[in-house]
Amino acid sequence: MDWRDVIDELDAGVERIAATLEGLSPGDLRGASGLPGWSRGHVATHIARNADSLWNLLEGARTGTEVPQYPSLERRDADIAAGAGRSHDELVADVRATQARFSEQARSLPASAAEAPVRAMAGWPHPAWYTVFRRWNEVEAHHADLAAGYGPADWPEPYVRWSAAATLADLAALPDRLLGEPAGLRITATDSGETADLGWTPGGPEASGSGRALLGWLSGRSDGAGVHLRPDGPLPVPPPWPYEPSQFREEAGF
């Protein structure tokens, strides 16, 4: 999917988030989210601050002067904590306004700037246009994290097709030391045929399911419903998601 087409998907996804937030009471917003230690207000604030942080990367690509995604991890966490207790209307307005700002930046990004290298907070580089795909994961996963009736079953099909394929490819490219419990596993998407061999050898354990079921499990947004393990047993806990994008590792400059 072309990255420019994803911008419309992001706008629609954030409108769904706004609609979810608008349906919550003030008490609901203070209630626990799907992320340990965070209220729904924390999640909503993070969605907004993430848009700002990715805007920073696009601005760096546009100007040719590197701009960090966040000033620091401590500043990121402090800003989320400071915004979590805001009113219902403030949270909704912030989520909408920051997405609009990010979308405007992405849509107006010159072609030359789109290919400029930028760096994720975790340290890995990628071309600026990939920032749009990173935002897609943030929007859909954190909507589920609101724990307010939206989950992997509700993710748009275009998002599932892209993210499930990317997740399997990126997981397969992780160094062995980062695989954790799934080491030695083969994972197969039954609807697309895409696989990730994590040091698998014939006769070894295999997990299978639809791309949607696998994405829910690997992203930590489901308990693995719809994923089948052979031989039978508990599904392994996947490593922290999302993974460094494998598609840029061998490209010049990345």
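Using only the Cα atoms of the chain, build the gyration tensor, take square roots of its eigenvalues as a ≥ b ≥ c, and label the shape rounded, prolate or oblate: rounded if a/c is under 1.5, else prolate if a/b is larger than b/c, else oblate. Oblate, since a/c reaches 1.5 and b/c is not below a/b. Qualifying GluC sites (Glu not before Pro) in segment 89-181, where qualification requires a DSSP coil assignment and no more than 14 other C-beta atoms within 10 Å, comprise GLU115.
For GLU59 and ALA225, the FRET efficiency from 1/(1 + (r/R0)^6), where r spans their Cβ atoms and R0 equals 35 Å, is about 0.30.
With equal scatterers on the alpha carbons only and no solvent term, can you work out the Debye log10 of I(q)/I(0) for segment 126-175 at 0.20, 0.22, 0.32 1/Å? Results for segment 126-175 at q = 0.20, 0.22, 0.32 Å⁻¹ read -0.77, -0.89, -1.19.
Please give the peptides 2-13, 68-79 ranked by average Cβ packing (other Cβ atoms within 10 Å per residue), highest first, as a rough proxy for protection.
Values: 2-13: 15.8, 68-79: 13.7.
Top of the packing list down: 2-13, 68-79.
Label point of GLN247 set 7 angstrom out along Cα-Cβ; within segment 162-204, amide nitrogens under 13 Å from it belong to 162-170. In this simple spin-label model, placing a label point 7 Å from the Cα along the Cα-to-Cβ direction at both ASP89 and ALA165 gives a separation of 4.5 nm.
Express the C-alpha Rg of segment 1-106 as a ratio against the empirical globular expectation 2.2 N^0.38 Å, rounded to two decimals. Could the numbers behind the result be given before it?
Values: Rg = 14.5 Å, N = 106, 2.2 N^0.38 = 12.9 Å.
Dividing the Cα Rg of segment 1-106 by 2.2 N^0.38 Å gives 1.12.
Rolling a 1.4 Å probe over the protein heavy atoms gives the chain an accessible area of 45 Å² per residue. Surface composition of the chain: carbon plus sulfur atoms contribute 53% of the solvent-accessible area (1.4 Å probe, protein chains only, all chains present). In this rough spin-label picture, where each label sits 7 Å from Cα along the Cβ direction, the ALA19-SER108 distance is 2.9 nm. Using a simple spin-label model with pseudo-atoms 7 Å out from Cα toward Cβ, VAL237 and GLU181 lie 0.6 nm apart. Cβ-Cβ distance of ASP191 and ALA147, R₀ of 25 Å, FRET efficiency by 1/(1 + (r/R0)^6): the value works out to about 0.40.
The values are calculated or read from the model by the stated rules, or taken from the named source; none is laboratory data. Just so it is clear, the model here is predicted, and its values are computed rather than measured. All Cβ positions, even for glycine, are placed from backbone atoms using ideal geometry, and neighbour counts span all protein chains on display. Heads up: the accessible areas ignore ligands, DNA and RNA and are worked out on the full protein's heavy atoms, side chains in. Shrake-Rupley method; radii C 1.70, N 1.55, O 1.52, S 1.80 Å.
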